[in-house]
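A.B. asks: Here you go, one structure.
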Amino acid sequence: MPLKLITGPANAAKAGAALGAFRGRLRRDPWLVVPNAADVAYFEAELAEGIAVRRGGHVVTFPALVRELARRAGYAARVVTPLQRERLVADAIAQAPLEALAPIAGTRGFLHAAGAFTAEMERSLLTPQRLTAAVRALPEAPATLHEVAAIYDRFARGLERLQRVDGDLFAWRALDALRARPSAWGETPVVFYGFDDFTRIELDAIETLGKVVGADVLVSLTFEPGRNAFASRARFAEELAQIADEVERMPPLDDWYDDASRGPLHALERGLFEPAAFTAEPGDAAALLVAGGERAEAELVAAEVLRLLGAGVPGDEIAVVLRTPARTASLLEQVFGAYGIPHALDWRVPLSHTALGRGLLALARCALLPDEARPADLLAYLRTPGRLNRLELADRLELTVRRHAIVRLDGARAAWEEAPGGWPLRELDRLRGAAADGPAALLGALAREARALFVAPHRGAAHVLDPSEEADARALAALLRALEELGELAAAEPRRAAELLGPEPLLAALGELEVSLGEPPRAGAVLVSDPLGIRARRFDTVIVCGLQEGEFPRPAHPEPFLSDDVRRELNTVAGLRLAPREDALADERYLFYATVSRPRRRLLLSTRDADEDGNPALPSFFVDDVRAVLPGLPERHRPLSAVTWPLAQAPTEAERLRAEALAAPRVEPRPIASLSAAATARLRQREVLSAGALEKYARCPVRWFVESELQPARFEPDPEAMTRGSCIHAVLERSLAQLDWPLPLDRFDEVEAVVRAAVAIESPRWVLGRGAAAQAAAAHEIVADVLRLLRHEAEAGGAFKPAELELQFGMGAEDGLPALELRAAADGPAAPGAPEAEPLRLRGVIDRVDLDLAGRALVRDYKSGRPGRGWAVANWRAEDQLQVALYMVVVRELLRREPAGGVYQPLRGEELRPRGLVRADVNAGSGLYRTDRRSEEELEEELAAAAERACQLAARLRAGLLEPSPDTCGRDGCAYPGICRVVDQ
């Protein structure tokens, strides 16, 4: 019985020949082998069409054929799963003597590369012994080559030790068993259809069935000699031709195309990548879609699909092809779902990208890797759907973590358990205890926690899962299956179970578990696939997306272990047949050819001219290859600036409403209005005000209202400058209370000791940075800043010395000073019976009051931020700088001290000289600016002006007047534009 090879270009009736041969042998129970599982259902339906009852035959993938070969040949073996195989590869890496590769051997990327390398060696029918011998025969072989051969050897030994095989080794040995018993297969015919490339094992199976067993074998291969599109497939055609008893080359045909599209689509099939071979006018058969950004591209494609469906094209006759569907699967799911397009997209995501997986892995990290886990892990676990009945508890914990810059897990756990409404997280202790009992106990505990997390949202309800919840169900199934596989591996290898299933590699492996989402192909659904998924089928319309530089064609990736040069040397020296891997362009050309040759009536190509940020994007040069055959290729463009569809082109009702909304007249928001009388009566700061609040109100009433009255809780720690300034305030208060004045410059080490002791006491109370190192560095800087300030004051001299530190007034303390009452100056005599104007009652904390021997007072207000224009007395009135002036009034009215001046004292920066107002006749040291000196009359005038301005501002504040002031709100303009709503002029 012959081994027959049928070759020919796309659409050369090879399918008819192959399927016809299959139908003609139905009485002999033939096997049809197709590339992937989706093709099985498709061809089963196609073969059953027109046949009431199929009398025999099987449609399978190659792994199913291998299992049947093994069954008939009497070969049986336990096959490890992909996850078990990965763990064995990791164990092989750990056991191999590595030196050159040791620095990277512990990474996940190296593990994946080693797994791919060992799989390729098995598929190439290359034993570890033969590879090792070939490497030793290679002159000056690099050390990395010897080490990777050692990894392959240790992996093979691991399988032998377990008395198991992986999928490739199972196929290899099944073929060996069949060669030993060729009659076991019988006379069952086998047809291979839809393949355009073969692994070494697949070629070996074809040769074994056709030449050793003598079965009737037919192989269909898309190939045409001499064409650039098939350059990467030439070696398969050559190898099959050498072993075939008969080779039939089928000529190109054009009768499969729709009449109106035959010319351009057939010309594209014949002329792609062939310079000036064929040209044709595209007509309606082909077009180019150009979009600005990935979402615009997805929406443009979705609109075309809707138009096709509306024209009567069945959904399963439309294919949307992407080079790497997983890259944009989520976006396509979102857009196609919003547009109501039935589609089949079987995409996969890591377990860590599902809600259930993210929560379980976070719990496991907290329990098993407490030194590496972070508060974010605990929050991710607590936010798993169903874990908390009140999600605000997790929000409260996050607020605490952020506000206090908690960076360690134990701190976050303590914050949760000690807060009102919190409870002990015993599940962490349960998992930790299970890990101490061994891998089997840990895997069982993880399974129990996973089940508990999954059922938590639905406990006590007969709930039907919606599509989003179904993802968690699939994640749970994948996880439980993986835990069972790992438990089986641990039981088979008990002495190495701890190394195989250590906490860190275990969680990394579980996090990368693939969870299948989406739906498989079904009747009426648009197929979203990669090029390999449609190569054995035909469609009415094919839409090729993502034709971008770096996407399709996909760039070549350097081979991590065996470069093409090394492969050629090994092939020459040791007679191996390792295929080159680094030249990807020929493969990409074939995949593009296979894709654009699938439509019967219409081909749409899609590219982008910009990314989501507006940066230019380069189209794939495959677009130019198509234009060379179809020079008049029409384009449809949707730019990035198109927020909505044009009203006449809106593909859905929702898009039409959005377009109408955009076209409607714009309604500008009204600026915030003043407060009502009822709201004004509820102001927090109505009765007693602070100088700082009056200054903030003067600069922008809206900002004052938001920050001082609404007081939204901050989600992050206080700004660094504010926290550092507060700490310096506390350190100065503690230090100055212990130091004698004037400070001794000749014994400044004594001052330094006092300051360092004060910083050691005060710094732990403040969030000065995330982590111990940042805290220590900030504390060191605070010591330096305080010492620099004290030395500056000591060198400046003067007759004043600190007398009052952090002096409070109007704060409600029993032993403190009362509030300062101020009244506005009357413009004239009050009307008879008119109510007396409400006085301003002022409260606050004065950083420091210094006294000289005459009892005169100098007010110092510390400033830790950048210098302000209003610090100099010349700018006080223009900038509404009231604080120091009002504090001088407090000193005079409440302390009964004569004010000699008031200054703003910088705590940091290049210049430490204070700015403000000081009487010219007092000795305040040499550090003052000459322009800040004033006479006693000028000082009194400034104090009176500040008191009057404070009363005016208080009256406006109590009246609830909120006038937006974006120009003076902050250094960067309006701080709260969403509340202020002032339209830029």
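The values are calculated or read from the model by the stated rules, or taken from the named source; none is laboratory data. Fair warning: this is a prediction, and the values are worked out from it, not measured in the lab. Because the Cβ atoms are built from the backbone with ideal geometry, glycine has one as well, and the counts that use them run over all protein chains shown.
A.B. asks: Got a sec? Which of Ala141, Ala174, Ala133 is at pLDDT 95 or above and either in contact with an Asp or Glu (Cβ under 8 Å, 6 or more places away or on another chain) or not assigned by TED's automatic domain parsing to the domain that holds Val40 (or both)?
C.D. replies: Numbers: Ala141 fails: at pLDDT 95 or above; Ala133 fails: at pLDDT 95 or above.
On inspection, the qualifying residue turns out to be Ala174.
A.B. asks: Looking only at the stretch 698-747, how many residues end up being within 30 Å of Thr400 (Cα to Cα), of a type in the set (Lys, Arg) and surrounded by 13 or more Cβ atoms within 10 Å (Cβ to Cβ)?
C.D. replies: Result for the stretch 698-747: 3.
A.B. asks: Scan the stretch 183-206 for residues that are assigned to a helix (DSSP H, G or I) and under 22 Å from Asp166 (Cα atoms) and jot them down. Spell out how you get there, then give the answer.
C.D. replies: Here is the first cut: in the stretch 183-206, the residues assigned to a helix (DSSP H, G or I) are 183-185, 200-206.
Arg200, Ile201, Glu202, Leu203, Asp204, Ala205, Ile206, listed by residue number.
A.B. asks: Within the stretch 216-230, take every residue that is of a type in the set (S, T, N, Q) and crowded, with 24+ Cβ neighbours inside 10 Å and give me the one that is nearest to Asp587 (Cα to Cα).
C.D. replies: Per the criteria, the residue is Thr222.
Residue-by-condition table, conditions (1) of a type outside the set (D, E, K, R); (2) farther than 29 Å from Asp530 by Cβ; (3) exposed (fewer than 14 other Cβ atoms within 10 Å of the Cβ):
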{"position": "Arg602", "(1), (2), (3)": "no, no, no"}
{"position": "Arg627", "(1), (2), (3)": "no, no, no"}
{"position": "Leu633", "(1), (2), (3)": "yes, no, no"}
{"position": "Arg638", "(1), (2), (3)": "no, no, no"}
{"position": "Thr644", "(1), (2), (3)": "yes, yes, no"}
{"position": "Glu653", "(1), (2), (3)": "no, yes, yes"}
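A.B. asks: Another one. So, Pro651, is that one more than 16 Å from Ala303 (Cβ to Cβ) and not assigned by TED's automatic domain parsing to the domain that holds Ile341 or not? Before the answer, list the steps.
C.D. replies: Values: more than 16 Å from Ala303 (Cβ to Cβ): no; not assigned by TED's automatic domain parsing to the domain that holds Ile341: yes.
Considered against the rule, which asks whether it is more than 16 Å from Ala303 (Cβ to Cβ) and not assigned by TED's automatic domain parsing to the domain that holds Ile341, Pro651 comes out as no.
A.B. asks: Can you tell which of Gly909, Gly916, Gly973 is in a loop (DSSP other than H, G, I, E, B), in contact (Cβ under 8 Å) with a residue 24 or more places away in the chain and not hydroxyl-bearing (Ser, Thr, Tyr)?
C.D. replies: Details: Gly916 fails: in a loop (DSSP other than H, G, I, E, B); Gly973 fails: in contact (Cβ under 8 Å) with a residue 24 or more places away in the chain.
Just a single option satisfies the conditions, and that option is Gly909.
A.B. asks: All but one of (1) out of contact with any helix residue (DSSP H, G or I) (no Cβ under 7 Å at 6 or more places or on another chain); (2) buried (at least 20 other Cβ atoms within 10 Å of the Cβ); (3) assigned to a loop (DSSP other than H, G, I, E, B) hold for Asp613; state the number of the condition that does not hold.
C.D. replies: It is condition (2) that Asp613 fails.
A.B. asks: Exactly one condition in (1) outside the structural domain of Leu360 (by TED's automatic domain parsing); (2) surrounded by fewer than 17 Cβ atoms within 10 Å (Cβ to Cβ); (3) more than 30 Å from Gln334 (Cβ to Cβ) is false for Leu570; which is it?
C.D. replies: Every listed condition holds for Leu570 apart from (2).
A.B. asks: Working carefully through the options Gly927, Gly973, find the one that is under 51 Å from the mean Cα position of the chain (by Cα) and at pLDDT below 95.
C.D. replies: Step by step, each of Gly927, Gly973 is checked, and only Gly973 is under 51 Å from the mean Cα position of the chain (by Cα) and at pLDDT below 95.
A.B. asks: Right, something else. Among the residues of the stretch 919-943, count how many are under 17 Å from Glu879 (Cα atoms) and touching a residue at least 60 places away in the same chain (Cβ under 8 Å).
C.D. replies: The total comes to 2.
A.B. asks: Just to be sure, is Pro457 touching a residue at least 60 places away in the same chain (Cβ under 8 Å), surrounded by 15 or more Cβ atoms within 10 Å (Cβ to Cβ), within 29 Å of the chain's Cα centre (by Cα) and not in a helix (DSSP H, G or I)? So that I can check it myself, show each step before the final result.
C.D. replies: Details: touching a residue at least 60 places away in the same chain (Cβ under 8 Å): yes; surrounded by 15 or more Cβ atoms within 10 Å (Cβ to Cβ): yes; within 29 Å of the chain's Cα centre (by Cα): yes; not in a helix (DSSP H, G or I): no.
Taking the combined requirement at face value, the residue does not satisfy it.
A.B. asks: Among the residues of the stretch 976-985 satisfying the criterion of being among the β-branched types (Val, Ile, Thr) and modelled with pLDDT under 80, which is surrounded by the most Cβ atoms within 10 Å (Cβ to Cβ)?
C.D. replies: If we filter the stretch 976-985 for residues that are among the β-branched types (Val, Ile, Thr), which is where we start, we get 979, 982-983.
Going one step further and asking which of them are modelled with pLDDT under 80, we end up with 982-983.
Details: Val982: 18, Val983: 9.
My answer is Val982.
A.B. asks: Six or more apart or on different chains, Cβ atoms under 9 Å: show the pairs whose first residue is in the stretch 499-528 and surrounded by 21 or more Cβ atoms within 10 Å (Cβ to Cβ) and whose second is among the aromatic types (Phe, Trp, Tyr).
C.D. replies: Listed by first residue and then by second, the contacts come to Pro521/Tyr42; Val526/Phe336; Leu527/Phe539; Val528/Phe336; Val528/Trp347.
The rows are residues; the columns are (1) under 37 Å from the mean Cα position of the chain (by Cα); (2) part of a helix (DSSP H, G or I); (3) more than 17 Å from Lys696 (Cα to Cα).
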{"site": "Glu941", "(1), (2), (3)": "no, yes, yes"}
{"site": "Ala944", "(1), (2), (3)": "no, yes, yes"}
{"site": "Ala950", "(1), (2), (3)": "no, yes, no"}
{"site": "Leu961", "(1), (2), (3)": "no, no, no"}
{"site": "Thr968", "(1), (2), (3)": "no, yes, no"}
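A.B. asks: Quick one: which residue in Ala64, Ala141 is of a type outside the set (Phe, Trp, Tyr), within 30 Å of Leu483 (Cβ to Cβ) and surrounded by fewer than 20 Cβ atoms within 10 Å (Cβ to Cβ)? Spell out the reasoning first.
C.D. replies: Values: Ala141 fails: within 30 Å of Leu483 (Cβ to Cβ).
Result: Ala64 is the single residue among Ala64, Ala141 that is of a type outside the set (Phe, Trp, Tyr), within 30 Å of Leu483 (Cβ to Cβ) and surrounded by fewer than 20 Cβ atoms within 10 Å (Cβ to Cβ).
A.B. asks: While we're on this one: Is it fair to say Val515 is in contact with a Lys or Arg (Cβ under 6 Å, 6 or more places away or on another chain), under 30 Å from Asp583 (Cα atoms) and not acidic (Asp, Glu)? Don't jump to the end; show me each part of the working.
C.D. replies: Working: in contact with a Lys or Arg (Cβ under 6 Å, 6 or more places away or on another chain): yes; under 30 Å from Asp583 (Cα atoms): no; not acidic (Asp, Glu): yes.
It is false that Val515 is in contact with a Lys or Arg (Cβ under 6 Å, 6 or more places away or on another chain), under 30 Å from Asp583 (Cα atoms) and not acidic (Asp, Glu).
A.B. asks: Please count how many residues of the stretch 913-938 are under 17 Å from Ser864 (Cα atoms) and surrounded by fewer than 18 Cβ atoms within 10 Å (Cβ to Cβ). Full working, then the answer.
C.D. replies: To start, the set of residues in the stretch 913-938 that are under 17 Å from Ser864 (Cα atoms) comprises 913-916.
Adding the requirement that they be surrounded by fewer than 18 Cβ atoms within 10 Å (Cβ to Cβ) leaves 913.
Summing the residues that are under 17 Å from Ser864 (Cα atoms) and surrounded by fewer than 18 Cβ atoms within 10 Å (Cβ to Cβ) in the stretch 913-938 gives 1.
A.B. asks: If you go through the stretch 486-503 one residue at a time, do you hit one that is under 27 Å from the mean Cα position of the chain (by Cα), farther than 23 Å from Ala584 by Cβ and at pLDDT 90 or above?
C.D. replies: yes
A.B. asks: Looking only at the stretch 461-478, decide whether some residue is β-branched (Val, Ile, Thr), in contact (Cβ under 8 Å) with a residue 24 or more places away in the chain and either surrounded by 15 or more Cβ atoms within 10 Å (Cβ to Cβ) or over 30 Å from Ala285 (Cβ atoms) (or both).
C.D. replies: Step one: of the stretch 461-478, the residues β-branched (Val, Ile, Thr) are 464.
Remaining after also requiring in contact (Cβ under 8 Å) with a residue 24 or more places away in the chain: none.
The answer is no, given that none of the residues of the stretch 461-478 is β-branched (Val, Ile, Thr), in contact (Cβ under 8 Å) with a residue 24 or more places away in the chain and either surrounded by 15 or more Cβ atoms within 10 Å (Cβ to Cβ) or over 30 Å from Ala285 (Cβ atoms) (or both).
A.B. asks: Within the bounds of the stretch 278-290, is there any residue that is farther than 30 Å from Pro646 by Cα and either small (Gly, Ala, Ser) or touching a strand residue (DSSP E or B) at 6+ places or on another chain (Cβ under 6 Å) (or both)?
C.D. replies: Yes, some residue in the stretch 278-290 is farther than 30 Å from Pro646 by Cα and either small (Gly, Ala, Ser) or touching a strand residue (DSSP E or B) at 6+ places or on another chain (Cβ under 6 Å) (or both).
A.B. asks: Only residues that are more than 21 Å from Arg843 (Cα to Cα) and either within 45 Å of the chain's Cα centre (by Cα) or among the aliphatic types (A, V, I, L, M) (or both): list them for the stretch 789-816, please.
C.D. replies: Kept after step one, since they are more than 21 Å from Arg843 (Cα to Cα), are these residues of the stretch 789-816: 789-802.
Correct list: Leu789, Leu790, Ala794, Ala796, Ala799.
A.B. asks: May I ask you to say which residue of Arg365, Arg396, Arg402 is at pLDDT 95 or above and either assigned to a loop (DSSP other than H, G, I, E, B) or not acidic (Asp, Glu) (or both)? Walk me through how you get there before you give the answer.
C.D. replies: Numbers: Arg396 fails: at pLDDT 95 or above; Arg402 fails: at pLDDT 95 or above.
Every option except Arg365 fails the conditions.
A.B. asks: Mind listing whichever residues of the stretch 360-414 are surrounded by fewer than 20 Cβ atoms within 10 Å (Cβ to Cβ) and polar (S, T, N, Q)?
C.D. replies: Scanning the stretch 360-414 gives Asn389, Thr400.
A.B. asks: Restricting attention to the stretch 85-109, which residues are buried (at least 20 other Cβ atoms within 10 Å of the Cβ), assigned to a helix (DSSP H, G or I) and not charged (D, E, K, R)?
C.D. replies: Leu88, Val89, Ala90, Ala92, Ile93
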